[in-house]
Amino acid sequence: MRANPKSKIQNPKSDAPPEGFTGRFKRDEPLGRYTTFRIGGPADGYAEPQDRDDLARLLLWARDRDLPITVLGGGSNLLISDEGVRGLVIRLNRLKALRFEGNDVIAEAGLPLVSFLRRVADRGLAGMEGVVGVPGAVGGALVMNAGTPHGEFGDHLIEAEIMQPDGTLLTVPREYLGLGYRSSQLKERGEMVVSVRLRLLPGDPEAVRAEMEKLDVHRHETQPLKIPNAGCIWKNPKPHAAGRLVDEAGCKGMREGGAEVSTVHGNFIVNHGGAAAADVIRLMKRVRARVEDVSGIRLEPEVQLMGAMDWES
Ligand code: EPU
């Protein structure tokens, strides 16, 4: 959904939310508060659509004004520029319904993954255990095909509802999404996830809950979850684990401003307070250079960079 990146909401007429819009709409909204990293400047326009109709209205409204659109998911895998984001930022947190049909679970994009997993486990449906520990919401989990070494969000996906840039709602089969390792083709097509349908396996609620609990305990023991962070910074360069490479290169504890490579897990950068996006980027560059020196492996970011940033892949 790339339009003129210089577009701004300046015209008083276009400053008003779209006619009939019932969600929340703000201008110059600081975005750090919507991220788990607690970093990021303001969005020119910021909207939380109430439902699908609201979302479609918003997309058409933005298209009429040539505003670039950025979708903010759970805000957990994200580094937002200190200068913020031009155009319109849409957060789907109000689209969070979930229902079951037999062994199928149908969940909307804004539902946090932890709530999703809890409901699935209570229902005694198995197959999503491999996603325990992934932060964020359902939509972002699909766009990124988020996961762990034990499984990926898309593993049991049957179909998804997506919205195209012109507000058209489509139900598409799994093949359409082009799922790969931490990737899909949704972003480059400017399409956003509205809901997903996963076909899970019948199981026993107690057993599913126990398995999830076990994985969650591991995560709490091995990740710096009490300090603001963006989840894993780097993709795992299979068969290697990025956390181990960073660790073995001696990068843990490296600092730039308030940003530090976690001393607990090498694939995390924590914000000790007041870290700027620029600090994180400087730190990422130092880590990448040192890991490449030591191991010969070039790390690629898993964290999504949003807004103008001094980073080249
Ligand atoms: N390791 C080290 N040093 C470290 C960190 C890890 O040697 O500082 C080693 C571990 O001992 C282990 C290996 O590296 O042998 C992998 O570490 P871990 O089990 O922690 O898993 P990971 O691959 O680093 C993945 C996901 C996480 C998810 C955990 C759940 C990716 C890129 N990351 O981490 O997802 O929470 O599994 O176990 O797949 C995220 O997506 O943002 C995220 C945090």
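The values are calculated or read from the model by the stated rules, or taken from the named source; none is laboratory data. This one's a predicted model, so the numbers in the text were calculated from it and none came from an experiment. Note that we place each Cβ from the backbone using ideal geometry, even for glycine, and neighbour counts take in every protein chain shown. Ligands, DNA and RNA are excluded from the accessible area calculation, which covers all protein heavy atoms including side chains. Shrake-Rupley method; radii C 1.70, N 1.55, O 1.52, S 1.80 Å.
At-a-glance table
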{"read-out": "Selection count where residues are near the ligand (Cβ under 9 Å from one of its atoms) and open to solvent by less than 20 Å² (accessible area, probe 1.4 Å), scope region 142-162", "value": "2"}
{"read-out": "Selection count where residues are among the aliphatic types (A, V, I, L, M), under 22 Å from THR171 (Cβ atoms) and more than 16 Å from the chain's Cα centre (by Cα), scope region 108-138", "value": "3"}
{"read-out": "Subset of region 174-194 [hydroxyl-bearing (Ser, Thr, Tyr) and without any contact (Cβ under 8 Å) to a residue 40 or more places away in the chain]", "value": "TYR176, SER183"}
{"read-out": "Contacts under 7 angstrom Cβ, first residue in region 33-51 being without any contact (Cβ under 8 Å) to a residue 40 or more places away in the chain, partner part of a loop (DSSP other than H, G, I, E, B) and surrounded by fewer than 21 Cβ atoms within 10 Å (Cβ to Cβ), 6 or more apart", "value": "none"}
{"read-out": "Candidate set: region 249-262, residues that are in a loop (DSSP other than H, G, I, E, B), touching a residue at least 12 places away in the same chain (Cβ under 8 Å) and within 13 Å of the ligand (Cβ to nearest atom); chosen: the one nearest to CYS232 (Cα to Cα)", "value": "SER262"}
{"read-out": "Complete set of residues in region 176-230 that are small (Gly, Ala, Ser) and either closer than 18 Å to ALA141 by Cβ or loosely packed, with under 15 Cβ neighbours inside 10 Å (or both)", "value": "GLY178, GLY180, SER183, SER184, SER195, ALA207, ALA210, ALA230"}
{"read-out": "Subset of region 195-240 (residues that are in contact (Cβ under 8 Å) with a residue 12 or more places away in the chain, within 10 Å of the ligand (Cβ to nearest atom) and outside any loop (DSSP other than H, G, I, E, B))", "value": "LEU215, ASP216, HIS218, ARG219, THR222, ASN229, TRP234"}
{"read-out": "Boolean, LEU186 is over 18 Å from the mean Cα position of the chain (by Cα) and more than 15 Å from the ligand (Cβ to nearest atom)", "value": "no"}
{"read-out": "Tally of residues being outside any loop (DSSP other than H, G, I, E, B) and on the phi > 0 side of the Ramachandran plot across region 148-189", "value": "1"}
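Conditions tested, residue by residue: (1) modelled with pLDDT under 95; (2) open to solvent by less than 10 Å² (accessible area, probe 1.4 Å); (3) of a type in the set (D, E, K, R); (4) closer than 20 Å to GLN304 by Cα.
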position	(1), (2), (3), (4)
PRO30	no, no, no, yes
TYR34	no, no, no, yes
ALA43	no, yes, no, yes
TYR46	no, yes, no, yes
GLN50	no, no, no, no
ARG63	yes, no, yes, no
GLY73	yes, no, no, yes
ASN77	yes, no, no, yes
ILE80	no, yes, no, yes
